[in-house]
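Colleague: Here you go, one structure.
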Amino acid sequence: MLIYHAGTGRAVFIGCMKVTTVFIFTFFTLIVAPIHFYSDEQPNWVAPAVTLSGLLPLVFVAYTTKPFVTYVHLLLPQFARQSRELLFRYAKALPKDAVLEITTMNSFGKPVVSRVKIGELFPSKARFGLANYSRDTTKINKSRPWWMGKAVGEFGIHGGKGKIKEGGVWEIVRSHIEKRR
């Protein structure tokens, strides 16, 4: 069940910004920098400076938007799907092995879904406060193949319940996570 949505506008803006910085980096690195490198009229430091001017936005955007969470889904047992009252009763007595599916974006804006148990999440202030929840991924990364990349360990879930029907469930789940402080 969807319990948190960051908003379509914010998600589209972040995704477009990520893709745009990749294009900017590619343009500066493959087109503009070689022109300055092979030019006899330019000093030697111009080509590396142009490359750096394409790299800096990419690194900044990748670092600041990596933990941005677009969706949080709570996997519900069958009995909690029967009524709204049972849903909220389950959320208030949430077990530590309850599973959240947290969706972030990779560098190209593609969704990355992480299955996280409530007991694994803890509040944090990573990345200058941009990631407000974290989990320990050392054990997960040891068992993952190299080609899959590292597991997502930092999540930035900012804002209230949003405009979703069962947004109050996220507030209850958030309070469970905050108790682990």
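Colleague: Out of Ile140, Ile102, report the one residue that is within 22 Å of Ile164 (Cα to Cα) and outside the structural domain of Ile24 (by TED's automatic domain parsing). Outline the logic, then answer.
Modeller: On the way: Ile140 fails: within 22 Å of Ile164 (Cα to Cα).
Selected residue: Ile102, the only one of Ile140, Ile102 that is within 22 Å of Ile164 (Cα to Cα) and outside the structural domain of Ile24 (by TED's automatic domain parsing).
Colleague: Which numbered condition trips up Arg174, out of (1) part of a loop (DSSP other than H, G, I, E, B); (2) farther than 30 Å from Val22 by Cα; (3) of a type in the set (Lys, Arg)?
Modeller: (1)
Colleague: Going by the structure shown, is Val72 hydrophobic (A, V, I, L, M, F, W, C), out of contact with any His (no Cβ under 7 Å at 6 or more places or on another chain) and surrounded by 16 or more Cβ atoms within 10 Å (Cβ to Cβ)? Step through it out loud before you land on a result.
Modeller: Numbers: hydrophobic (A, V, I, L, M, F, W, C): yes; out of contact with any His (no Cβ under 7 Å at 6 or more places or on another chain): yes; surrounded by 16 or more Cβ atoms within 10 Å (Cβ to Cβ): yes.
So Val72 passes the test.
Colleague: Do we have Ser114 as modelled with pLDDT of 90 or more and either among the polar types (S, T, N, Q) or over 16 Å from Gly168 (Cβ atoms) (or both) here? Walk me through it before giving the result.
Modeller: Working: modelled with pLDDT of 90 or more: yes; either among the polar types (S, T, N, Q) or over 16 Å from Gly168 (Cβ atoms) (or both): yes.
Yes.
Colleague: Return the residues of segment 1-19 that are hydroxyl-bearing (Ser, Thr, Tyr) and outside any helix (DSSP H, G or I); say none if nothing qualifies.
Modeller: Narrowing segment 1-19 to residues hydroxyl-bearing (Ser, Thr, Tyr): 4, 8.
Within segment 1-19, Tyr4 is the sole residue that qualifies.
Colleague: Follow-up. Any idea which of Thr21, Thr26 is without any contact (Cβ under 8 Å) to a residue 60 or more places away in the chain, of a type outside the set (A, V, I, L, M) and more than 29 Å from Asn132 (Cα to Cα)?
Modeller: Numbers: Thr21 fails: more than 29 Å from Asn132 (Cα to Cα).
Of the residues listed, the single one that is without any contact (Cβ under 8 Å) to a residue 60 or more places away in the chain, of a type outside the set (A, V, I, L, M) and more than 29 Å from Asn132 (Cα to Cα) is Thr26.
The values are calculated or read from the model by the stated rules, or taken from the named source; none is laboratory data. These numbers were taken from a predicted model, which means no experiment stands behind them. In this analysis, Cβ positions are derived from the backbone assuming ideal geometry, glycine residues included, and neighbour counts consider all displayed protein chains.
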